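Report on one structure; see the data block that follows.
The values are calculated or read from the model by the stated rules, or taken from the named source; none is laboratory data. What you see is a predicted model, and the numbers here were worked out from it, not measured in a lab. Don't worry about glycine lacking a Cβ; one is built from the backbone with ideal geometry, like all the others, and counts go over all protein chains shown. The area values use the complete protein model at the heavy-atom level, side chains included, leaving out ligands, DNA and RNA. Shrake-Rupley method; radii C 1.70, N 1.55, O 1.52, S 1.80 Å.
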Amino acid sequence: MTAYENVMAHARKTEALAQVAGRLGWDQQTVMPRGANAQRSEEMAALEDVLHARRTDPQLGDWLDAAQAPDEMGAACLRELRRAYARNTKVPARLASELARITPLAQDAWEAARHNEDVASFLPWLNQMIALRREEGQAIAGGGDPYDALMEDYEPGTSSDAVATIFDRMRPRLVALREAILGANTPPALTGHFPQDAQLRVSRRMAEHFGYDFTRGRIDLAVHPFSSGSGDDVRITTRVAVEDPFNCLYSTLHEVGHAAYEQGVDHSYALSPIGQGVSMGVHESQSRIYENQLGRSQAFTGWLFGAMQQEFGALSVADADAFYAAVNRVNSGFIRTEADEVQYNLHIMLRFDLERALIRGKLDAADLQDAWNARFLADFGYAVDRPSHGILQDVHWAVGLFGYFPTYALGNIYAGCLFKAMQGDLPDLQQDLAEGNAQPATDWLRARVQRHGALRPPVDTITHACGFAPDEGPLLDYLEGKFGAIYGL
C-alpha cells in the first residue's frame, strides 16, 4: 500500500471509533440511566485513550510526510489530517483522557445545578474544566493565544481578534434595530396549552418537509437540543414546553439543519477526514437558515399556521399574518436558544467576551456569575432573575466547548449570505415554502454546501456556494428589512 492508502485506511478506522464515542455521548443525554454516569465517564476516557493514540501515532506522521494526494478529495483529506495531527501531537495523552473522563461528570453536575438553581455546586466542576481547557489551549498555542487555539477546533482559519472586529461592526446596527423595535407596538404572543405528543408530531412533519431522512435518523428528547453523528446515522434531539410550542418546533428545525448537512455529505466521503461539516460556523449556517430565513419566513409560517390548527384546533392568534408576527416576536427574554433573530447575536457577544477572559486567565469562575449578570444588565437593560436564566442556561462550558460560541454568530452571517444567493437562484422559493415545500431550498443547500463536506476550508465553502466572500452585510440587511416590515419601522 502507498503512504496515502495507509493514511486513509488509518483515518477511516479512527473516524469509525470517533462515531462510537459520539454515540455514547448521545446515549448519555437521552436514554442512559442516571446511575450509569460514573461508569460512562470511565468508558469515555478509555475510548479517548485509544483515539488519542491513533491520532498521534508516529507512524501516521511518517505516512503524512510521504503521502501524495491522487485528486482534489485526497488533497483535502491530507489537509485536514495534517492540521489535526499537528494539533493532536501537542496535547498530552493524560490531558486528553482526563478531559474525556471529567466531561460526563461535569455535565451531570451542570444538569443538577441548573435544575436546583445552585451555581455553587457547579463551580468546582467548572473550575476543573476551565483549567483543563486552558492547559490544552496553552499546549496547542505554544506561547500564542490559548483561546485562539481552542477556537481553531470549531472554526479553522479564524481568530478571536477577527471575530471581535466583526462583532464591533455588527453591534451598532443590531442595538439600533432592537431599540426601534422595543419602542414600537409588540404583536400578541401565541398562548395556550400544547400537549407534548402533538408538538412532536408537528415537529416530525416539519423535519420531513425539510428533508430529514428518518431511515438514517431519529428524534429524541434532551435537556439541551443537539445533533449527533454523520453519514448514515445522524440523530437529533429537541425539548418540549407545553405552553411554548415554538421552543420545540424551532429547536427541532435548527437541529434538522445540522442533521441535513451531515446526511447530505457525498457518500464517497463517508468516514473520511472530509466526511462531515467543515466547521461549526458553516454548520450553524445550515441550522440557522433552516430555522430562521426559511422556517420563520412569512411563507412557511403560513403553512405552519394551518398545520398547527389541524393539530391543536383554533389558536389564540387571529390569522396567518398574526401568527407570523407571533413567531417573530421581539421581546425581553433571558434564553439564548429562545432569542429572536434581532437579539440572538447579542447573547453570543456576551458569552464570547466572558469565555475569552476565562481562558486567558483574566476572569475567575468564582466571579463569572457576577460578571455575567452585570454584562447582561448592561446589554439588555434588565436583571437576570435566576441562574438557569443566566450562567447555567447553556451546556457548553460544562462540557468544555470554549471557543464554540462565536461560531453561532459566524453561522448567522454565513446564513445571511447563503439566503441572499438562494433567493437569486430560486424565484419560486416563497411559493414553495407557502405550500410547506422546503425541498427546493434543501436541494440548493445540498448542492452548494452540504454534499461537499469539508472539501474546502470554511470561508472558501461559503464563497464557493454564494459566489461572493461572506460578510455581515446581507444578514443585517435581511434583519432590518424583515423586522422593519413586521414592526412598521
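Below is a table of values for the structure above.
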{"item": "Helices (runs of 4 or more DSSP H) wholly inside the range 190-297 that include at least 3 residues being open to solvent by less than 40 Å² (accessible area, probe 1.4 Å) and among the hydroxyl-bearing types (Ser, Thr, Tyr)", "result": "245-264"}
{"item": "Members of the range 55-71 that are buried (at least 18 other Cβ atoms within 10 Å of the Cβ) and within 20 Å of residue 95 (Cα to Cα)", "result": "55, 56"}
{"item": "Unique match (being under 22 Å from the mean Cα position of the chain (by Cα) and part of a helix (DSSP H, G or I)) among 49, 65, 108", "result": "108"}
{"item": "Qualifying position, being among the acidic types (Asp, Glu) and in a helix (DSSP H, G or I), among 385, 379", "result": "379"}
{"item": "Boolean, residue 18 is farther than 22 Å from residue 231 by Cα and either surrounded by fewer than 14 Cβ atoms within 10 Å (Cβ to Cβ) or not acidic (Asp, Glu) (or both)", "result": "no"}
{"item": "Top-ranked residue in the range 416-474 [being within 21 Å of residue 79 (Cβ to Cβ) and of a type in the set (Val, Ile, Thr); ranked as surrounded by the fewest Cβ atoms within 10 Å (Cβ to Cβ)]", "result": "463"}
{"item": "Selection from the range 339-363 of residues that are farther than 21 Å from residue 173 by Cα, assigned to a helix (DSSP H, G or I) and open to solvent by 10 Å² or more (accessible area, probe 1.4 Å)", "result": "354, 356, 357"}
{"item": "Matching residues, the range 89-105, being open to solvent by 50 Å² or more (accessible area, probe 1.4 Å) and either in contact with an Asp or Glu (Cβ under 8 Å, 6 or more places away or on another chain) or part of a helix (DSSP H, G or I) (or both)", "result": "93, 94, 98, 101"}
{"item": "Members of the range 208-233 found to be at pLDDT 95 or above, under 30 Å from residue 392 (Cα atoms) and β-branched (Val, Ile, Thr), listed by number", "result": "219"}
{"item": "Failed item in (1) more than 21 Å from residue 270 (Cβ to Cβ); (2) loosely packed, with under 12 Cβ neighbours inside 10 Å, with residue 30 passing the rest", "result": "(2)"}
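Residues are listed down the side, and each one gets a yes or a no for (1) over 24 Å from the mean Cα position of the chain (by Cα); (2) closer than 22 Å to residue 14 by Cβ; (3) at pLDDT 95 or above; (4) not basic (Lys, Arg):
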residue	(1), (2), (3), (4)
80	no, yes, yes, yes
83	no, yes, yes, no
89	yes, yes, yes, yes
96	no, yes, no, yes
100	no, yes, no, yes
114	no, no, yes, no
121	yes, no, yes, yes
130	no, no, yes, yes
